[in-house]
1. Cut-off is 10 Å between beta-carbons; in what order do His6, His231, His250 appear when sorted fewest neighbours first?
2. Measure off 7 Å from each Cα along the Cα-to-Cβ vector at Gln147 and Gln124, then give the distance between these two points in nanometres to one decimal.
3. Applying 1/(1 + (r/R0)^6) with R0 = 35 Å to the Cβ-Cβ distance of Thr160 and Glu92, what FRET efficiency is obtained, to the nearest 0.05?
4. Tell me whether the range 158-266 comes out rounded, prolate or oblate; compute the Cα gyration tensor, take square roots of the eigenvalues as a ≥ b ≥ c, and use a/c under 1.5 as the rounded threshold.
5. Over the chain, what is the relative contact order in percent, taking alpha-carbon pairs closer than 8 angstrom and at least six residues apart?
6. Please work out how much length the chain gains when fully extended from Lys102 to Leu16, using 0.36 nm per residue of separation minus the C-alpha to C-alpha distance, in nm with one decimal.
7. Under a 10 Å cutoff between Cα atoms, tell me which one of Pro256, Pro115, Pro139 has the largest fluctuation in the Gaussian network model of the chain.
8. Where a ≥ b ≥ c are the square roots of the eigenvalues of the C-alpha gyration tensor, would you call the range 1-98 rounded, which needs a/c under 1.5, or, failing that, prolate if a/b is larger than b/c, or oblate?
Amino acid sequence: TTQLFHVEYFNNDAYLSQSGQLYGEAGAMAYGKIFTFGPTFRAEESKGRRHMTEFWMMEPEMAWMHQDESLDIQERYLAYMVKQVLENNEYELRILGRDPEKLRPTTEGNFTRLPYDDAIKMLQEAGRDIKWGDDFGAPDEGYISEQFDRPVFIVNYPTTIKPFYMKKNPDNPKEYLCADVIAPEGYGEIFGGSEREGNYEILKKQIEGARLNLEDYQWYLDLRKFGGVPHSGFGMGFERTIAWICKLDHIREAIPFPRLINRMQP
Ligand code: ATP
C-alpha cells in the first residue's frame, strides 16, 4: 500500500515492514502464544504529534483465542504496565509533570467496550460531523477519550476501514471482530487488534477485495490450508503508550532518535 517504504533488494522490490503480525501468526501456529517486538515503518505522510515514520510495536499473537479473550488480555496488560510504573516510577512521573493520580483508574481494568456504532452516535450527539463508515480523526478520538477516566476499547469497526486479515463478525458481516484502545486525555489510539480470519476461502476473497497480489500472500494463506486454529492478536504502539503514561507533548519525546516525515537524522 502507499503506507510502505519501497527498497531495492538485489534487483527485487521489497518493502520495509509496517508490522510483524503476519509472521507472528506463523509463530503462533507453531508455539501457541508469541510476541514480536521490533521497529516498524510507515510511509503515510502524517504530520502531528502521534505519528512517526519509524516506531516500535509490541505485537502478541495468540492461538486458540477469540477476540473477547484477547480484549481481556489487553486490559490486564495495560493495567499491569501502568501499575508497575506507578509502583516504581512515581518520582520520575512527578519530574515530568505527570499527575500519577490520573493514571490510577487504569490499574483497575474494567475498560468500557464501546461498539463503533455507539461511538458514532456519541460523536453525532456532541454535534460532530461524522457518519457510519467514517474513520475517527484525532479530535473524535479526543472527544471519546474525555468521556472516560481510563482507556476505552472501540470495538467492531466497519470492514471498509480496516485491513483484510480480520475476521468478520458472524452477527454482522459489515463489521470485523476488532478493537482499538483509545488512551485518555486525548492521546488517541495506542493499541489496535482483532481476531484473524482463519478460513482459507474467505481470507482469499478478502485479499482479492483489498486488491493485493495473491502470490505475495500465498504463504500466509497456506497457514490456513495446513491446520490453522482460531487466533487473535494486537499491536501496542510503544512510543504512543509511553507518551500517554508520561503525558508528553509529542511522540518524538518518547524515543531517542525520532524519525518523522521531515526528520531523518540523527
Ligand atoms: P492511526 O490510525 O493512529 O494512524 P493505525 O490504525 O494505522 O494508527 P495500527 O496499524 O493499528 O495503527 O498499529 C497499531 C499501533 O501502532 C497503533 O495503535 C499505534 O499505537 C501505533 N502506531 C501506528 N502508526 C503509528 C505511527 N505512525 N507512529 C507511531 N505509532 C504508531
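None of the figures in this text is laboratory data; all of them are computed from the coordinates on show. Bear in mind that the values here come from a model prediction, so they are computed numbers and not experimental data. Neighbour counts run over all protein chains shown; Cβ positions are idealised from the backbone, glycine included.
1. Least to most surrounded, the residues fall as His6, His250, His231.
2. Placing both labels 7 Å along Cα→Cβ, they lie 1.3 nm apart.
3. 0.25
4. prolate
5. On the way: 463 pairs, mean separation 55.6, N = 266.
For the chain, the relative contact order is 21 percent.
6. 27.2 nm
7. Looking only at Pro256, Pro115, Pro139, the largest GNM fluctuation is found for Pro256.
8. oblate
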